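Everything on this sheet refers to the single structure shown next.
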Amino acid sequence: MHALPRILTMTAAAVLAAGGWMLAQPQTSASGTPAAAAAGPAKVSAPPGPGYYTEAQAARGKVKFEKECSDCHSVDPKKPPRVSYGGNLSSGFRSLKEARYNNHSRYPSVYYYWRRMESEPGDNIDRVSPKDKLDVLTYLLKENGFPPGPKELVIDENAMKGMYLDAGPGFEWLFNGRDLSGWGFLAGHNCEPKPQGCGETNPYPEVTVKNGEMLVAGKHHTLAYTERKFKNYTLQLEQRFNKRWDDNPDLFPVNAGVMVFMSNIRHWPDKYALVDGRWYDFMHIQSPGLNWKNTYDDDVRRRALRGPNEWQDIEIVAKNGGLKAYLNGLLISTVEEGQITEPSRLGFQLQVVETHIRHIRIKVDD
Ligand code: HEC
């Protein structure tokens, strides 16, 4: 028996509650400073959604799996495949939970698993039809602990991108790929959220969710922020700008940023620290009013950046009051330890360029 993932322990009510986005009710005191801790559920955000396939589909997939795949693979650790060549697909390093590279999950959504199926079965990829591969995939989802639901999985690659799987060992999805639960939004310069302030809190139509991405239209400056606060954590996400550009890539005029400290919810806060997302300054940490001591390596930034309009991998590790910011796996900025003394919400500066953000996940260390 493999360990049951936490999604199986969810109640039906919790699954339903996860279905719609909730706007944050910012906890601000009269002085405008946030209340000590954001009240909220134990989970950062809703876990992967109600089943992506039906029981009947997985049953069909089981038959196909045994016929087409079981020479080389098994799903029961006690029953090895006929030839121990492809290994076990539901436990160990080939399971959905553990398949990873550099601390990132290799199958963040059904899409990546589906695309992996194109290279199977290894002896002849045309031996099994796409339809049968799809059914086998649902059987493997089931064997990996993802429960069935009311609708069959169909071959729709964009929809599959929004079907999030495991966030990786120790990680939770901060954005679940389906809705904006767990997030607050604010627009209006120098404004705190309504009703206390002048800030607009409805994310639509500036921020929507599509194909597993938080899609930012880029029409006006907006701040997205987490309902919860964090102190020691690893934050990972992928971000991509979408802007027509066939010019010098160094001069790509786009902007974003992750706020790792917000003294209050305002656009902009009284005191904040921003891991910059301006193209020419990616991962440079600014901390007005806080003056955290930090280092920034612009040579590494230039080497790390992928092209304009490509996905960039961003990782921020907060530990012992210090912080490290990585771009595409390379360390760009470091805040010396012992300087960050309180937990904070995380904020996303959404600037006037179409921006796509996905796979936002967090590993909380305390
Ligand atoms: C001839 C033997 C063989 C057959 C038959 C076969 N596979 Fe594989 N499969 C492999 C091998 C070997 C690997 C590992 C390759 C690698 O590490 O890149 C693999 C890897 C995989 C993976 C990736 C696991 C990971 O580590 O992330 C999946 C998923 C998979 N196979 C599914 C299937 C399915 C579904 C079928 C049946 C339709 C199938 N395979 C049939 C040999 C086989």
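By the Cβ distance rule (another cysteine Cβ under 4.7 Å), the unpaired cysteines of the chain are Cys69, Cys72. The length gained by stretching the chain between Arg100 and Asp366 to full extension, at 0.36 nm per residue less their Cα-Cα distance, is 93.4 nm.
The H on the amide N of Glu354, modeled in the peptide plane, is under 5 Å from the matching H of Asn242, each at least 5 residues off or on a different chain. Over the chain, DSSP H runs of length four or greater, each weighted -39,500 (n - 2.57), average out per residue to a 222 nm ellipticity of -4000 deg cm²/dmol. Counting only protein heavy atoms and a 1.4 Å probe, region 55-161 has 55 square angstrom of accessible area per residue. Between Ala56 and Asn242, the distance separating the two model label sites (each 7 Å from Cα on the Cα→Cβ line) works out to 3.6 nm. With θ taken as phi - 60° and the Karplus curve 6.51 cos²θ - 1.76 cosθ + 1.60 applied, the whole-hertz 3J(HN,Hα) list for region 318-325 is 9, 7, 6, x, x, 8, 10, 10 Hz, x standing for glycine and proline. Of the residues Met283, Met214, Met117, the one that moves most in a GNM of the chain with alpha-carbon contacts below 10 Å is Met117. By the rule of a C-alpha distance below 14 Å, with chain neighbours fewer than 8 residues away ignored, the aspartates and glutamates paired with Lys151 are Glu55, Asp135. Across the chain, Cα-Cα pairs farther apart than 30 Å form 42% of the total.
When the Cα positions of Leu350, Val63, Ile340 are compared along the charge dipole of the chain, Val63 comes out farthest toward the positive end, with charges on each C-beta of Lys, Arg, Asp and Glu. Counting only protein heavy atoms and a 1.4 Å probe, region 199-266 has 40 square angstrom of accessible area per residue. For region 165-240, the Cβ-based charge dipole about the Cα centre amounts to some 100 debye (Lys, Arg positive; Asp, Glu negative; other atoms uncharged). Phi-derived couplings, Karplus 6.51 cos²θ - 1.76 cosθ + 1.60 at θ = phi - 60°, listed residue by residue for region 214-222: 7, 9, 9, 5, x, 9, 8, 4, 9 Hz, with x used for Gly and Pro. Taking amide H positions as modeled 1.01 Å from N, with prolines and chain starts lacking one, the residues under 5 Å from Gly199 and 5 or more places away or on another chain are Glu192, Lys194. Take the Cα of Ser70, step 7 Å toward its Cβ, do the same at Arg127, and the gap between the two points is 1.5 nm. Between Asp270 and Lys210, the simple spin-label model (points 7 angstrom out along Cα→Cβ) gives 3.9 nm.
Ligands, DNA and RNA left out, the 1.4 Å accessible surface of the chain is 52% carbon and sulfur atoms. For Ser74, the amide hydrogen comes within under 5 Å of the amide hydrogens of Gly87, Asn88, Leu89, counting only partners 5 or more places away or on other chains and with H modelled in the peptide plane. Per-residue Karplus couplings for region 287-303, computed as 6.51 cos²θ - 1.76 cosθ + 1.60 with θ equal to phi - 60°, are listed in order as 9, x, x, 10, 6, 5, 6, 8, 10, 9, 10, 6, 5, 5, 4, 5, 6 Hz, Gly and Pro entered as x. Residue ranges 83-95, 180-192 sort as 180-192, 83-95 when ordered by packing (mean number of other C-beta atoms within 10 Å per residue, highest first). Would you work out if region 144-216 is rounded, prolate or oblate? Take a ≥ b ≥ c from the square roots of the eigenvalues of the alpha-carbon gyration tensor; rounded if a/c is under 1.5, else prolate when a/b is larger than b/c, oblate otherwise. It is prolate, given that a/c is not under 1.5 and a/b is the larger ratio. Relative to the 2.2 N^0.38 Å rule of thumb, region 115-262 has a C-alpha radius of gyration ratio of 1.37.
Would you work out the relative contact order for the chain, in percent, from Cα pairs under 8 angstrom that are 6 or more residues apart? Each step should come with its number before you reach the end.
Numbers: 829 pairs, mean separation 70.5, N = 366.
The value is 19 percent.
Peptides 286-293, 264-271, 64-71 ranked from most to least packed by the mean count of surrounding Cβ atoms within 10 Å: 264-271, 64-71, 286-293.
The values are calculated or read from the model by the stated rules, or taken from the named source; none is laboratory data. Nothing here was measured: the structure is a model prediction, and the numbers come from that model. With ideal geometry, Cβ positions are generated from the backbone for all residues, glycine too; neighbour counts draw on all protein chains shown. Protein only, heavy atoms only, side chains kept; ligands, DNA and RNA dropped before computing areas. Shrake-Rupley method; radii C 1.70, N 1.55, O 1.52, S 1.80 Å.
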